[in-house]
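The values are calculated or read from the model by the stated rules, or taken from the named source; none is laboratory data. The model shown is predicted, which means the values in this text are computed figures rather than measured ones. Note that each Cβ is placed from the backbone with ideal geometry, even for glycine, and that neighbours are counted across all protein chains shown. The area values use the complete protein model at the heavy-atom level, side chains included, leaving out ligands, DNA and RNA. Shrake-Rupley method; radii C 1.70, N 1.55, O 1.52, S 1.80 Å.
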Amino acid sequence: MKLACVILAAGSGTRMNSNLPKVLHGLYNMPMLQYAMDAAAGLKPQKTVIVAGKNHQLLKDSVRPASGLTFAVQGMPRGTADALLCAAGKLQGFGGTTLVLNGDMPLITSGTLRRFLGLHKRHKNTLSAASFITDDAGSYGRVFRDKKGKAVRIIEALDAKEGERAIKEANSGIYAIEPAALPLLAKIGKNRIKGEYYITDLYEITGKQGLRTGIYPMGGEDEFMGINTMHDLLKAQEALRKRQVMFFVKKGVKFIDADSVFIHPYATIGRETLVYPNVYLDGKTKIGMRCVIYPNVRIIDSTVENNAQIKDSTLIEESVIGHRAQIGPFAHIRPGSSIGPSAKIGNFVEVKKSAIGKGTKAMHLSYIGDAAVGRDVNIGAGTITCNYNGFKKHRTVIEDNVFVGSGTQLVAPVRVKKGSYIGAGSTITKNVPPGSLALSRVKQKNIEGWVGKKTRIPGLTASDCKKTKKKR
Ligand code: UD1
Ligand code: CA
């Protein structure tokens, strides 16, 4: 099927009360325009035209680039018909079916669009529209049908008379249009109330030309929800959240509180994984099978392999967690890290751009940055890689089976070779040869009887301090 998708996204979005263009408001931080684009991309159209307004550059910069994607600029938001006319300029000579979507309709799915296009083709229509049934059509256009049930026209909410307002079939803003109907856009007049050119008028005009038209109810409001206000956005986000959770429930994921888990549309979770309350799986996060994600965890663009456990209040960003690894509680895994299988990263440990080998443990209060840590290394509490000298970042290498004593500072660049030990409290500035013990502490002095002779007295004077200095 020769298909082009047009996404209308140039509206001013005044009802949002926000300076950000409406279609860039996000659900889970992803702009609603991207959702519409993704649904369109699922149909593999040859071309996609986004109609953007003054902010076209911002829109371009905010969505993922895709092949066959172009932007048409609508200088002034003069209505949805005018917007389509702008796109038509980019489709000259294309000849196929044009699927029109609204950029403020993030919940629509490729599957529903495919079903709708199927109906359009089967009825051999020149113009089809998708509708949905709702108890209160609110600000949506109403589908007006004649006595035989044939859809005759779409009546905008502001133009609807008393009885028409009660119509429960709403226009979704999704249209399939054959080339013969596009020139008819020129026949649309300004709407008297809003002074805009309405795409909805194209339906009646096309019918009156004797061309085949039809409007098809495609389900309930959920997928077709149009976002005009912050309240709509909130409702859509909640609907999407529920949809995501239910999708994974069906796939065999267990949730303790389905109402407090957020799963980005690009995220996946394997079966038999258990997800505790207040979990946020963001971006292209991939959770394996039989994992446990404890409460208050946020994972962004990361992979968590099978049987791993992410304990309470942990943040993981753009990293890979190996199978059977345990992270947290209260850990921060920063971008570019990989935690090996069965490794343990514990309480208040921060890892940045580092590779941690299989079975290695850093259980308490450490910072590991720009480091390569081998297998079965033990990193004692309070170990710090001093990776930054104020100018440049340097790397630390800790080879397999090293034991790093508590309170160690590793001043990078530095390498601790296989099987070495570092005594607690050391500051390591030189490479450590394999199998050695590295110690860099001042020898301990015990001054017996010190307490009593020199107890600290509150209100010590400045001259007292001088004396103390001289004595030394
Ligand atoms: C529109 C439909 C309405 C339908 C509803 C579904 C019209 C006249 N009405 O109403 O029947 O029930 O969608 O959600 O089409 N846009 C432009 N340029 C413009 C104006 C709008 O690109 O000049 C874009 C907007 O960015 C938006 C889309 O078109 O993505 C729809 O515009 P909007 O103003 O939201 O239309 P609604 O009043 O919701
Ligand atoms: Ca809308």
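Summary table
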quantity: Residue among LEU91, ALA236, VAL397 farthest towards the positive dipole end of the chain, charges placed on Cβ; calculated: VAL397
quantity: Mean accessible surface per residue for the chain, computed with a 1.4 Å probe while every protein chain stays in place, in Å²; calculated: 50 Å²
quantity: For the chain, size of Cβ-based charge dipole, Lys and Arg +1, Asp and Glu -1, in debye; calculated: 2060 debye
quantity: Efficiency of FRET from Cβ geometry, ASN19 and GLN57, R₀ 22 Å, rounded to 0.05; calculated: 0.90
quantity: Of LYS44/LYS358; LYS121/LYS168; LYS124/LYS284; LYS235/LYS286; LYS124/LYS286, pairs whose Cα-Cα distance is over 31 Å; calculated: LYS44/LYS358; LYS124/LYS284; LYS124/LYS286
quantity: Whole-Hz couplings from phi, Karplus 6.51/-1.76/1.60, listed for segment 313-324; x for Gly and Pro; calculated: 6, 10, 10, 10, 10, 6, 9, 10, 10, x, 5, 6
quantity: Segment 1-23-segment 377-409 distance, computed between alpha-carbon centres (Å); calculated: 50 Å
quantity: Ranked by how many other beta carbons lie within 10 Å on average, peptides 421-434, 127-140 from highest; calculated: 127-140, 421-434
quantity: Spin-label model distance (nm) - HIS123 vs ASN378, 7 Å beyond Cα toward Cβ; calculated: 7.4 nm
quantity: Considering only segment 50-190, percent of DSSP beta bridges that pair antiparallel, nearest 5; calculated: 85 percent
quantity: Förster-model FRET efficiency, 60 Å R0, MET76 and ASP312, C-beta, rounded to 0.05; calculated: 0.70
quantity: Inter-label distance, nm, simple model (7 Å from Cα along the C-beta direction), ARG212/THR229; calculated: 4.1 nm
quantity: Alpha-carbon centroids, segment 173-203 and segment 130-162: separation in whole Å; calculated: 16 Å
quantity: Only Lys, Arg (+1) and Asp, Glu (-1) charged, at Cβ; segment 3-224 dipole about Cα centre in debye; calculated: 680 debye
quantity: Options THR112, GLY13, GLY252, ranked by Cα towards positive dipole end of the chain, top entry (Cβ charges); calculated: GLY252
quantity: For segment 373-441, with +1 on Lys and Arg beta carbons and -1 on Asp and Glu, the positive-most of THR429, SER440, VAL373 along the dipole; calculated: THR429
quantity: Residues of segment 110-137 with amide N under 17 Å of a point placed 7 Å along Cα→Cβ from LYS168; calculated: 131-137
